[in-house]
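Student: Next up is a structure, given as C-alpha cells.
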Amino acid sequence: MTIFEAKQFGNKEINSPTTSLDVNCILEYITGFSKTQLLLNSKNELSTEQESDFLEAIKKRQTGLPIAYITGHKEFYGYDFFVTPDVLIPKPDTEILVEKTLEVIWNNSFYKNNDFFFTDVCTGSGCVGISIALQIIEKTNSCPKVFLTDISPKALEIAKKNVNHLIPKEFQNQFSFLQGDLLTVFENKTNHNLIVSNPPYIPSYMVDELLMDGRNEPRLALDGDFDSAINKKSDEEGLAIIKRLIEQSKKILLQNGTLILETGEYNAKKTAQIAKEMGFNSTQIYKDLAEQLRVVKIIQN
C-alpha cells in the first residue's frame, strides 16, 4: 500500500467531520513525515509494519476514538503534549485560560518576585500549568515554583511525562505533583497569589451524551456534578466542583490574589455569582475563540 493508496482507503473508511485531516494525522504519526512530505512521497510504499499500524489506527478511529489518543500527542499553545485516555485532550478554547493567566502574571510583575509560585488545579496532562511556565521561561529565563494537582494519580503521571518532555532540565525541579482533592493538599495555608484551573464543569446528563460517540475521555475530568473526592453526585448543573474550588480558594488566597478558571459557556455567569456570594467582590468573564463565555477571573479583595 502506497501513501496515496492509504489516503484513499482512509478517506473511504473514516466518517468524521475531519476525515482528510484525520487520515493525514495518522499517516504523519506512522511515517514521521510532515504534511508536505506526505505529498512529495505519495508513491512511497508503507512498510509491512507501517501498513499494519495504519489499518489498526483506522479501526480505532472508526469507533470514535480521537486522533490524539491514537497518536498519543496533541498540540496546545504551540507545544506538543503527550496524552492518553487518562487525561482530557487539550482544547484550543482552553488557550484563553493560559493567555489570561499570563496577563495576571505580567500585569502584577509576579515573575520578579523570588517567592512567587502558582498552582494548576485539576491539571490533567499539565497543559495549562506547563504552558504558562514555558512562557515565563522564554520571557525571563527563570521559572517559578509550580504545583500541579489532580485527584487522579494516572493523570499526574502524564503531567510528569510532559514536564520531562517540555521543560528545560534545569527548571524541572521547580515542579511539584500533588495528588488530592482540589486545594486541600495545601492544608488551608494562606499563601497563594495565583490559582489556575480547568476543573470538571459539565452537567452529568451532558457528559453521558458527549461520551456516546466513543471519544473515551475520562468522566472524572468532565463531570462537574460527580465529586469523587467526597463520593457525592449532585444536581448542580456542573457547578458542584467549581463551588468547592472557589470556597477552598477563598481560604488560601492572599489579598489581591487571583483565581482564574475555565467554565462552560452556560456556567460562567453563575460561577461569577457564586464567587460574589462567597465574598469575592471582583470578577471578570472572558470569551473564547468562538465568542462564548469561557474564563472567569476572581480576585480576593
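Student: Quick check on Ile96: is it open to solvent by 10 Å² or more (accessible area, probe 1.4 Å), β-branched (Val, Ile, Thr) and assigned to a helix (DSSP H, G or I)?
Tutor: When the stated conditions are applied, Ile96 passes them.
Student: Please list, ordered by residue number, the strands (runs of 3 or more DSSP E) wholly in segment 191-298 having 1 or more residues that are open to solvent by 40 Å² or more (accessible area, probe 1.4 Å) and at pLDDT 85 or above.
Tutor: It comes to 253-262, 282-287.
Student: Shifting gears a bit: Select from segment 42-92 the residues that are open to solvent by 20 Å² or more (accessible area, probe 1.4 Å), over 30 Å from Val295 (Cα atoms) and either touching a residue at least 24 places away in the same chain (Cβ under 8 Å) or polar (S, T, N, Q) (or both) and list them in ascending order.
Tutor: Ser42, Lys43, Asn44, Glu45, Ser47, Thr48, Gln50, Glu51, Ser52, Arg61, Gln62, Thr63
Student: Pick out the one residue from Ile136, Ile158 that is part of a helix (DSSP H, G or I), under 25 Å from Leu259 (Cβ atoms) and out of contact with any strand residue (DSSP E or B) (no Cβ under 7 Å at 6 or more places or on another chain). Before you say what the answer is, go through the steps one by one.
Tutor: On the way: Ile158 fails: out of contact with any strand residue (DSSP E or B) (no Cβ under 7 Å at 6 or more places or on another chain).
None of the others qualify; the one that does is Ile136.
Student: For segment 21-41, check the following and say yes or no: at least one residue is open to solvent by less than 20 Å² (accessible area, probe 1.4 Å), within 14 Å of the chain's Cα centre (by Cα) and closer than 29 Å to Glu291 by Cβ.
Tutor: Scanning segment 21-41, I find no residue that is open to solvent by less than 20 Å² (accessible area, probe 1.4 Å), within 14 Å of the chain's Cα centre (by Cα) and closer than 29 Å to Glu291 by Cβ, so the answer is no.
Student: Can you tell me which residue in segment 100-140 is surrounded by the most Cβ atoms within 10 Å (Cβ to Cβ), limited to those that are among the hydroxyl-bearing types (Ser, Thr, Tyr) and at pLDDT below 95?
Tutor: Selected residue: Tyr111.
Student: While we're looking at this one, here's another question. Specify the residue that is farthest from Leu289 (Cα to Cα); the eligible residues are those in segment 104-123 that are in contact with a Lys or Arg (Cβ under 9 Å, 6 or more places away or on another chain) and in a helix (DSSP H, G or I).
Tutor: Ranking the qualifying residues of segment 104-123, first place goes to Tyr111.
The values are calculated or read from the model by the stated rules, or taken from the named source; none is laboratory data. Please read these numbers as outputs of a predicted model, since none were measured by experiment. Positions of Cβ are backbone-derived with ideal geometry, glycine not excepted, and every protein chain shown enters the neighbour counts. When the accessible area is computed, the model is the full protein with side chains, heavy atoms only, and any ligands, DNA or RNA have been set aside. Shrake-Rupley method; radii C 1.70, N 1.55, O 1.52, S 1.80 Å.
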